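Data block below; observations after.
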Amino acid sequence: MKSMIPIVMMAAVCGAQCATVDAARCGMVVVTDYVAADGRTDVSEALQKLIESHPNRTLYFPDGTYLLSRPIATPAEPTRSVDLQLSNYAVLKADTAWTNEEAMVRLGGIYPANNIRAVGSCYSLTGGVIDGSGVAKGVSIDSGRETKIQNVSMKNVVVGLHIKHGANGNSSDCDILDVNIVGNGATNSIGVFIESCDNTLSNMRITGVLIGVKLTGGGNLMRNLHPLFAASYAPLRQAYDDSIGFLDLASNRYTFCYSDHFSTGFVLGGGSSILDGCIVWWYGSPELGKGRKRTGIRCLKKFGARVTNLEIGFKGTLALNTVLDVKEEGGKGFLINPMINEKLVNETTKSYLKYLR
């Protein structure tokens, strides 16, 4: 067995070297040729210089920890843009003394542009881990269009992903897929915050936040998003009544989205959002059950949403369970084929029946 140890170690080293060599052969800029990935050296300034001095190149981050004391920003202007690719265990980590209000990675954060025709206009962030150390925001999309984020894990973040106002009449046209977000467990924590329009988010898991997804922009598509309330964080547990899976202050579309154990599944601002095959579910945890109010959909104005095949699973009988809470009468929204365990719905909160079709 002892004779195998050097072989195994050599294989591991060779594997890491091969990944770097392959990246270089593909024409990528290998970041560790320029900065240390030791988790101790602040590489913020060096990375920013690297980004700005390698237009229209892919920057590859091998495994390691890259310490940031301030944000790094990529250009939206196509002639200057870069593509960031992180290996599975490449970690961009915020310094614990972080004080900046901006996200750690600002895609399109410099040289803003609205150009989808020129080469370099479609840039992306792929792979790796963004670690906010409990004090920093993760990733923002500040400008540009058709930005893509894929296979990224965001951990210990104040806000995981922030899509700001779009460059084309507030349209961003971003694609976000296969992204996992774990917040910092504070009461100001949000998984995803979208201010712009026409974005598509798919296959995401979100936890450790008070609000899973917040939208002030409209025309966005949410597909298979699963925010899960984490009662293990004491601040979140104490603020449970304010927890929301999806906070929609515009009009957006949801397919197979799942609000898991938040006090309110969907809060709608009065627009004409569309929900199809969505789920709002509670397990009946003792610390989040007795005397609590649990609501499937709450409307801040009139009910204008079109809701089909909604499943609401109330567990336990100690909470005030409400399917639909509408502030103003007279909306044109409707419910088709809801799946609800009726016996656990409070008798005084069955106003949803008038919206059934």
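The values are calculated or read from the model by the stated rules, or taken from the named source; none is laboratory data. Just so you know, these numbers come straight off a predicted model, no measurement behind them. Quick reminder, even Gly has a Cβ in these numbers, built from the backbone with ideal geometry, and neighbours come from all protein chains shown.
Residue pairs whose Cβ atoms lie under 8 Å apart, separated by 6 or more positions or on different chains, with the first residue in the range 33-58 and over 22 Å from CYS122 (Cβ atoms) and surrounded by 15 or more Cβ atoms within 10 Å (Cβ to Cβ) and the second of a type in the set (Ser, Thr, Tyr) and at pLDDT 95 or above, are VAL35/THR41; VAL35/TYR66; ALA37/THR65; ALA37/TYR66; ASP42/SER69; VAL43/TYR66; SER44/SER69; ALA46/TYR34. When LEU225, LEU300 are screened for being aliphatic (A, V, I, L, M), at pLDDT 95 or above and either within 18 Å of the chain's Cα centre (by Cα) or over 24 Å from LYS164 (Cβ atoms) (or both), only LEU225 passes.
The single condition from (1) farther than 21 Å from LEU310 by Cβ; (2) surrounded by fewer than 20 Cβ atoms within 10 Å (Cβ to Cβ); (3) of a type in the set (A, V, I, L, M) that LEU249 fails is (1). Taking the conditions (1) part of a strand (DSSP E or B); (2) among the hydrophobic types (A, V, I, L, M, F, W, C); (3) within 14 Å of the chain's Cα centre (by Cα) in turn, ALA103 satisfies each one other than (1).
Residues of the range 195-205 that are surrounded by fewer than 23 Cβ atoms within 10 Å (Cβ to Cβ) and in contact with an Asp or Glu (Cβ under 8 Å, 6 or more places away or on another chain): ASP198, THR200, SER202, ASN203. Taking the criterion of being assigned to a strand (DSSP E or B) and surrounded by fewer than 20 Cβ atoms within 10 Å (Cβ to Cβ), the residues of the range 206-227 that qualify are LEU221, ARG223, ASN224, HIS226. In summary, GLY208 fulfils each of the numbered conditions (1) touching an Asp or Glu at 6+ places or on another chain (Cβ under 9 Å); (2) under 18 Å from LEU161 (Cβ atoms) with the single exception of condition (1). Here the strands (runs of 3 or more DSSP E) wholly within the range 151-194 that include at least 2 residues being out of contact with any helix residue (DSSP H, G or I) (no Cβ under 6 Å at 6 or more places or on another chain), of a type in the set (Asp, Glu) and surrounded by fewer than 19 Cβ atoms within 10 Å (Cβ to Cβ) are 175-183.
Results for (1) in a loop (DSSP other than H, G, I, E, B); (2) in contact with a strand residue (DSSP E or B) (Cβ under 7 Å, 6 or more places away or on another chain); (3) at pLDDT 95 or above, shown as yes or no for each residue.
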residue: LYS2; (1), (2), (3): yes, no, no
residue: VAL8; (1), (2), (3): no, no, no
residue: GLN17; (1), (2), (3): no, no, no
residue: ALA24; (1), (2), (3): no, yes, no
residue: ALA36; (1), (2), (3): yes, no, yes
residue: LEU47; (1), (2), (3): no, yes, yes
residue: TYR60; (1), (2), (3): no, yes, yes
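When we screen GLY160, GLY64, GLY166 for residues that are under 27 Å from GLY217 (Cβ atoms), among the small types (Gly, Ala, Ser) and in contact with a Ser or Thr (Cβ under 8 Å, 6 or more places away or on another chain), the only hit is GLY166.
Annotation note: Cβ proximity below 8 Å between a residue of the range 207-222 that is under 13 Å from ASP260 (Cβ atoms) and at pLDDT 95 or above and a residue that is in a loop (DSSP other than H, G, I, E, B) and of a type in the set (Ser, Thr, Tyr) (sequence gap 6+ or interchain) occurs for GLY208/SER189; GLY208/TYR233; VAL209/SER189. Of the numbered criteria (1) in a strand (DSSP E or B); (2) buried (at least 20 other Cβ atoms within 10 Å of the Cβ), the one ALA113 fails is (1). Taking the listed residues VAL280, VAL307, VAL267, VAL323, the one that is at pLDDT below 95 and not in a loop (DSSP other than H, G, I, E, B) is VAL323, with no other qualifying. Test SER133 against the stated conditions and say whether it is small (Gly, Ala, Ser), part of a loop (DSSP other than H, G, I, E, B) and surrounded by fewer than 22 Cβ atoms within 10 Å (Cβ to Cβ). In short, yes. Of GLY245, GLY265, GLY313, all but one fail to be of a type in the set (Gly, Ala, Ser) and more than 24 Å from VAL158 (Cα to Cα); the exception is GLY313.
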